[in-house]
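Below: one structure, written as structure tokens.
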Amino acid sequence: FNVFGPRQDPSSQYSGVLSRFITTMLAGKRPVIFGDGEQSRDFTYVANVVRGNLLACHAPGVAGRMYNLACGQRINLNQVVAQLNDILGTGLDPVYEPSRVGDIKHSLADISRAKADLDYTPCVWFEEGLGLTVDWYRQNLSNSQISG
């Protein structure tokens, strides 16, 4: 699922949409959304994945099993931009480009197995994780890295 948090390189072709949106909007530029912005993802802060892995290290009988570690909630890209505008104190509308071939419209993790076997629940919800991530970019990236 869509893991995000500090230290993601927004210039990487493998970078998640959140690092790109954050650095673009910190530079005062409008983020680009491919499609109508209603496509949704189960964005999860990196600490949730770390927590799930640590729980699995200590859970009996789970070796070799796979688990979805996410929040179990969908956020669409229009909502992401709105929340970033709130955090940043900006009013930047996205630029909408044509949808990309092959993009999945919606993604949502079923975390019920992780809850049952690992006693997993997310420790950082989307809104808090987004704020923490924005704070990290503000503190750790130079203006040239943000606007570049």
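Scanning the stretch 42-71 for residues that are in contact with a Gly (Cβ under 9 Å, 6 or more places away or on another chain) and among the charged types (D, E, K, R) yields one hit, Asp42. Does Ala27 count as of a type in the set (Gly, Ala, Ser) and either in contact with an Asp or Glu (Cβ under 9 Å, 6 or more places away or on another chain) or modelled with pLDDT under 95 (or both)? No: the conditions fail for Ala27.
The requirement of being buried (at least 16 other Cβ atoms within 10 Å of the Cβ), farther than 15 Å from Val134 by Cβ and in contact with a Pro (Cβ under 7 Å, 6 or more places away or on another chain) is fulfilled nowhere in the stretch 105-119; no residue meets it. Against the criterion of being touching a Lys or Arg at 6+ places or on another chain (Cβ under 6 Å) and over 30 Å from Ala56 (Cβ atoms), Val95 qualifies. The set of residues from the stretch 64-101 being touching a strand residue (DSSP E or B) at 6+ places or on another chain (Cβ under 6 Å) and open to solvent by 80 Å² or more (accessible area, probe 1.4 Å) comprises Arg74, Tyr96, Ser99, Arg100. The residue that is nearest to the chain's Cα centre (by Cα), among those in the stretch 127-142 that are open to solvent by less than 20 Å² (accessible area, probe 1.4 Å) and hydrophobic (A, V, I, L, M, F, W, C), is Leu130.
Restricting the stretch 3-29 to residues that are outside any loop (DSSP other than H, G, I, E, B) and within 16 Å of Asn78 (Cα to Cα) leaves a set whose member that is nearest to the chain's Cα centre (by Cα) is Leu18.
Filtering Val49, Val95, Val80, Val124 for residues that are modelled with pLDDT of 95 or more, of a type in the set (A, V, I, L, M) and more than 15 Å from the chain's Cα centre (by Cα) leaves a single hit, Val95.
Please determine, by comparing only the residues of the stretch 39-63 that are aliphatic (A, V, I, L, M) and part of a loop (DSSP other than H, G, I, E, B), which one is most open to solvent (accessible area, probe 1.4 Å). Filtering first and then ranking leaves Ala63. Residues that are touching a Gly at 6+ places or on another chain (Cβ under 9 Å) and aliphatic (A, V, I, L, M) were ranked within the stretch 1-32; the one that is most open to solvent (accessible area, probe 1.4 Å) is Val3. A Cβ distance below 6 Å, combined with a sequence gap of six or more or placement on separate chains, defines the contacts here; from the stretch 126-142, residues that are under 14 Å from Ala47 (Cβ atoms) reach residues that are of a type outside the set (Phe, Trp, Tyr) and open to solvent by 50 Å² or more (accessible area, probe 1.4 Å) in the pairs Gly131/Ile87. Residue pairs whose Cβ atoms lie under 7 Å apart, separated by 6 or more positions or on different chains, with the first residue in the stretch 37-59 and over 23 Å from Val134 (Cβ atoms) and the second crowded, with 16+ Cβ neighbours inside 10 Å and among the aromatic types (Phe, Trp, Tyr), are Gly52/Tyr67; Gly52/Tyr120; Leu55/Tyr120; Ala56/Tyr67.
The values are calculated or read from the model by the stated rules, or taken from the named source; none is laboratory data. From a predicted model like this one, the values you see are computed outputs, not experimental measurements. Positions of Cβ are backbone-derived with ideal geometry, glycine not excepted, and every protein chain shown enters the neighbour counts. The protein model used for the area step is the full one, side chains on, heavy atoms only, and it has no ligands, DNA or RNA in it. Shrake-Rupley method; radii C 1.70, N 1.55, O 1.52, S 1.80 Å.
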